[in-house]
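Following: one structure in structure tokens, then a few remarks.
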Amino acid sequence: MGDAYLDIIRDFVSQRSRLCFTGHKRDVLRHRLENHLEKLGLADFEAYWRYLKQTSGEEARLLDCLTTNETFFFRNPDQFGHLLDVIIPGIETSRGADVVRSWGESRREPASSIMKLRILSAGCSTGEEPYSLAMTLLESLRYPKAWKLEIIAGDLSESCLKTAAKGYYEKEKLKNIPDRYIDKYMQRDADGAFIREEVKDIVSFIPLNLNGVMNGEPFSGTASFSAPFDIIFCRNVMIYFSAACQQMLVNTLHRLLVPGGYLFTGDAEPLHLFDHTFETITGARCLIYKKTEMTNYAEAL
Ligand SMILES: C[S@@+](CC[C@H](N)C(=O)[O-])C[C@H]1O[C@@H](n2cnc3c(N)ncnc32)[C@H](O)[C@@H]1O
């Protein structure tokens, strides 16, 4: 098939999503596109390029079929363990103290504006990551009902978001979830289990293209999506971008966090490869970074 058009499509994909198919990944692109063309009954990349330009919704389908969506519940258990045992209890204690302090001060900030926890799962795939986060929050917080909990979970892949929103997982997918959590936060049937409504209520799934976010575009959906986050999980996503885009993503994730907020990255995404001002959390046996408290708050908005 004509390779000139393969490269035209590759550049288009990179421009729209930052997904990078250079070097040996060009063969991955070729293979996935050939499968897609076969389903569409199109002869070659040139015919597909014309089809892409003329067909509404095809760009989303193209990007969807080029994403790698591997994920599982409680992926990297050390990260979830540190969140459960250290980070969430720490936030609960310090926000609780803020509420008590606000009662004694003239500003009288309502407790509801302090007891908010906003988490972003960027590149959430089929939902296992944000649901693992929701279960961890409910398990870790001593008074979960005192909190307004919000997990915004976004992905480029529309088909993944549909699966995620259903919240149903077959038995094979449940193997990393402690039985106790399944009993408490899921509803089993013969073939798998549903996520219970009280867990689903915490998670909002949204279409998310990190390319747009890096370009400063607001999150889709309500205005509250653009407020800064206390915690961001962006794991096993930046590995699909070029080195220059990875650096831009690190800068963007820094901007999206509140001062003192935490960033969790994938095992293959250590930040020492980039310029950044995050502190590394030591003793967690996994990759967790903290935006320094000193950061100017205005920068995070
Ligand atoms: C390998 S999965 C990782 C899922 C999960 N974060 C984890 O670590 O288990 C990578 C996900 O990133 C998504 N993704 C890739 N490029 C993206 C972009 N530009 N914006 C948003 N999501 C993207 C893919 O659709 C895919 O679902």
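The values are calculated or read from the model by the stated rules, or taken from the named source; none is laboratory data. Keep in mind the model is a prediction, meaning the values are calculated, not measured. Quick reminder, even Gly has a Cβ in these numbers, built from the backbone with ideal geometry, and neighbours come from all protein chains shown.
Would you confirm whether or not the range 30-39 contains a residue that is closer than 27 Å to residue 213 by Cα and modelled with pLDDT of 95 or more?
yes
Within the range 52-92, track down each residue that is within 24 Å of residue 155 (Cβ to Cβ), without any contact (Cβ under 8 Å) to a residue 40 or more places away in the chain, part of a helix (DSSP H, G or I) and more than 16 Å from the ligand (Cβ to nearest atom).
Residue satisfying the conditions is 58 alone.
Being among the β-branched types (Val, Ile, Thr) and either exposed (fewer than 15 other Cβ atoms within 10 Å of the Cβ) or at pLDDT below 90 (or both) is the filter here; which residues of the range 216-260 pass it?
Listed by number, the residues that qualify are 222, 239.
Does residue 13 count as over 22 Å from residue 151 (Cα atoms), in contact with a Leu (Cβ under 7 Å, 6 or more places away or on another chain), assigned to a helix (DSSP H, G or I) and without any contact (Cβ under 8 Å) to a residue 60 or more places away in the chain?
For residue 13, the condition - over 22 Å from residue 151 (Cα atoms), in contact with a Leu (Cβ under 7 Å, 6 or more places away or on another chain), assigned to a helix (DSSP H, G or I) and without any contact (Cβ under 8 Å) to a residue 60 or more places away in the chain - is met.
Surrounded by 15 or more Cβ atoms within 10 Å (Cβ to Cβ), modelled with pLDDT under 95 and in a helix (DSSP H, G or I), is that true of residue 95?
yes
Scan the range 147-171 residue by residue and report those that are away from the ligand (no atom under 16 Å from the Cβ) and without any contact (Cβ under 8 Å) to a residue 24 or more places away in the chain.
Hits for the range 147-171 are 170, 171.
Please find, within the range 261-278, the residue that is farthest from the ligand (Cβ to nearest atom) out of those that are in contact (Cβ under 8 Å) with a residue 40 or more places away in the chain and either closer than 18 Å to residue 119 by Cα or buried (at least 19 other Cβ atoms within 10 Å of the Cβ) (or both).
Here the residue is 262.
Hey, does the range 58-80 have a residue that's buried (at least 17 other Cβ atoms within 10 Å of the Cβ), in contact with a Gly (Cβ under 7 Å, 6 or more places away or on another chain) and not hydrophobic (A, V, I, L, M, F, W, C)?
no
Is the range 135-152 home to any residue that is within 24 Å of the chain's Cα centre (by Cα), part of a helix (DSSP H, G or I), under 20 Å from residue 69 (Cβ atoms) and not small (Gly, Ala, Ser)?
Among the residues of the range 135-152, not one is within 24 Å of the chain's Cα centre (by Cα), part of a helix (DSSP H, G or I), under 20 Å from residue 69 (Cβ atoms) and not small (Gly, Ala, Ser), which makes the answer no.
Return a yes/no flag: does the range 116-136 have any residue that is more than 16 Å from the ligand (Cβ to nearest atom) and free of Cβ contacts under 8 Å to residues at least 24 places away in the same chain.
no
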